[in-house]
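All remarks here apply to the structure that follows.
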Amino acid sequence: MKKKTLATLLAAAMATIVIAKDIKTVVFTTTPQMHCENCENKIKGNMRFEKGVNKIETDIPKQHVTITYDADKTTVEKLKAGFEKFGYEAETVETDSIK
């Protein structure tokens with residue numbers, strides 16, 4: 001009985017490891033810059049369709065777009081290309097410079 005329980009627990013642990021995602025966060029600044037709620041909505045509305053995007057946060061005063069994504073499904077370069085689809089250019093912001 002103990003062997004069955006141990007085997008079940010081991011199988012469950014391995015399944016958890018296999019399905020674990022590589023979730024990362026990147027911060028962008030855009031050109032043209034965000035200056036209103038419409039800009040935020042345009043970015044959020046378009047970027048949500050990019051493969052692997054989990055969460056999008058915008059901050060107009062700081063001019064930052066923070067995207068949480070699944071690194072197994074996309075890359076920073078693909079996200080930058082996603083911005084270009086709707087007329088924006090995106091550059092990454094060094095996380096050390098974010099205050």
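Just so it is clear, none of the values below were taken in a lab; they were calculated from the coordinates. Keep in mind that this is a model prediction, so the values were computed, not measured.
Students often get this wrong, so check it: of Lys24/Lys51; Lys44/Lys85; Lys21/Lys42; Lys42/Lys80; Lys24/Lys73, which have C-alpha atoms separated by over 18 Å?
Lys21/Lys42
Region 20-66: D in µm²/s via Stokes-Einstein (Kirkwood Rh, Cα pairs, 10 °C, 1.306 mPa s)? Don't skip to the end; give the middle numbers.
Numbers: Rh = 11.3 Å.
Result for D is 140 µm²/s.
For region 35-99, what number results from the quotient of the Cα radius of gyration and 2.2 N^0.38 Å?
Compared with the compact-globule rule of thumb, region 35-99 sits at 1.07.
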